Amino acid sequence: MLHKRPSRKRSASTLHPGCMLLIVVLCLIVYYFAVPSYLLVGKRSSRGALDQKSESTFKLKSIYRHGVGANHRLQQRLEVTPEVISAAGTLYQEIAAQIQDNEDQEPLWTNNAEYATNNPFAFEFQLRGVPLMMKRMKQRDPDFIESYIYGETYMTEDEEHAMWIDDDIVAPNVTDRDTVVSLALMSSNAYVRIPQTGDWRNVTEPWNETEPEDFGWDGDGIRGHVFYNELENIVVLSIKGTSAQGLPGSGEDETTGNDKINDNLLFSCCCARVSYLWTTVCDCYVKSYTCDESCLEKELRRKDRFYSAIVDIYKGVLKEYPDAAMWVTGHSLGGALASLLGRTFGLPAVAFESPGELLASKRLHLPFPPGLPSYMEGIWHFGHNADPIFMGTCNGASSSCSLVGYAMETACHTGRVCVYDVVNDKGWSVNMFNHRIHKVIDEVLLGYDQAAKCVEPEPCVDCYNWNFIPSRNWESSSRLITKTKSQAAPTRTTRTTTTTSSSTCVGRNWLGFCTKYEL
């Protein structure tokens, strides 16, 4: 009779030592070649950031400022030299000393000891990157993208689908709390003033006219701070948000008229027509809850508006770092512009407490990939539910935003939203002052052990009670200017682009009244 021999399992401990050594060596080889280099930049320190020599950090390298309104043709760049950093640190310390005893004044930098500095312009940021498969356009040259957006490039549906590719890129790790905090600090860095010193170089075509007095650091315009990581060849462009009296944001309350105009243009249903008492910021209102859509699209694209200005700044940064990966970030209006810029050129964008920018994205005809899965999206909106501007509830004639002249009527975001539930977790009430960037950094981003989970936004519709007509023929009785619909060029079947010929307002006062027209 045959007996079956009992089977014996060989445990790992019975392996020959030489075999075990071979396995370990093979694992190390696989790990070295499989893991991207940007994930091997040193070990995590106690702060959770990258513990590596200075070349692996992001340093402020240059600052762009771009005029808007009457000064929209002017753009300058400042190289951040050690001399500029030193002068900026001296001014920062003087201003910080003046406001430290003022409880109503928001600090210029975070009070958290972990990120403390006596000179924000010398601070070195540490971010963690992760691989991301992102769907974006194969051709992202600014000239092509602009012709695509403005409807000057005709494509069939098949050709348009073929323009999109699945691209392996490096993106900021939005699950890492310290990376999120560092991006928020970069956003706040764009608010901090520096002295009117340094060699500001004109990056637009040379102009013969004398530089106007109101074009400068505190004038009507927009700023972008450029941070660069030399080791990883990554650029972060931080875009300045709203600075204006009455609406808390930067804490400096620079009275910047065009911030308010662009806020009201980007985030209102129709030119800030909240009621008959309001002066609109553009001439697209037709009648009760009826608005000219083609007029709105033209207003957002105008060269003297913020969207065109930030595209110009991006072009300058692209020339400065043609081969670098680029991320964009910003707070409030700056965050919304970062999102618009990211969607335009397929860049990862991280926004903080930004108003809903989906409506503006559609009005600008920005590229939306067909059949985009959520995990291939490269736009993230961080915010908390006690901020009515981020949540889209700061609207209506009696809202706190309306009382200070802001028509923040949109709530829908693109990309993914990362919301901190401070109402339930911390007992906060909804208040416009919770919108401030350093309150967000100190008490929300640093007040949680982990970054908020980013998810797809819930179904959302902006301005549902408005009727948007494609075009109109009308006459302005005040200036007897006739606007006529021009013959539209062939466009894609997926979107319609209509142009109008008209005179437009190129300068407004603080109350929104037009003071200068241009044909």
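Normalised by the number of residues in the stretch 391-458, what is the relative contact order in percent for Cα pairs under 8 Å and 6+ residues apart? Walk me through the intermediate numbers first.
Values: 56 pairs, mean separation 22.9, N = 68.
Computed over the stretch 391-458, the figure is 34 percent.
Past 27 Å, Cα to Cα: identify those pairs from Lys61/Lys240; Lys138/Lys453; Lys260/Lys439; Lys135/Lys426; Lys260/Lys298, in the order given.
Lys138/Lys453; Lys135/Lys426
At a 10 angstrom cut-off on C-beta neighbours, averaged per residue, how do the peptides 234-240, 408-414 rank from highest to lowest?
Order by mean packing, descending: 234-240, 408-414.
Can you give the alpha-carbon Rg of the stretch 141-202 over 2.2 N^0.38 Å, where N counts its residues?
Output field value: 1.86.
Highest first, please rank the peptides 92-98, 174-180 by the mean number of other Cβ atoms sitting within 10 Å of their residues. Present the calculation step by step, with values, prior to reporting the outcome.
Numbers: 92-98: 13.3, 174-180: 21.1.
Highest-to-lowest ranking by the protection proxy: 174-180, 92-98.
Two-decimal Rg/Rh of the stretch 50-474 from alpha-carbon positions, Kirkwood Rh?
When Rh is taken as the Kirkwood radius, the ratio is 0.94.
Tell me the volume per residue, in Å³, of the convex hull enclosing the alpha carbons of the stretch 305-400.
Value for the stretch 305-400: 123 Å³ per residue.
Where a number appears in this text, it was derived from the coordinates with a stated rule and is not lab data. No experiment lies behind these values; they were computed from the predicted model shown. Cβ: placed from backbone, ideal geometry, glycine included. Neighbour counts: every protein chain shown.
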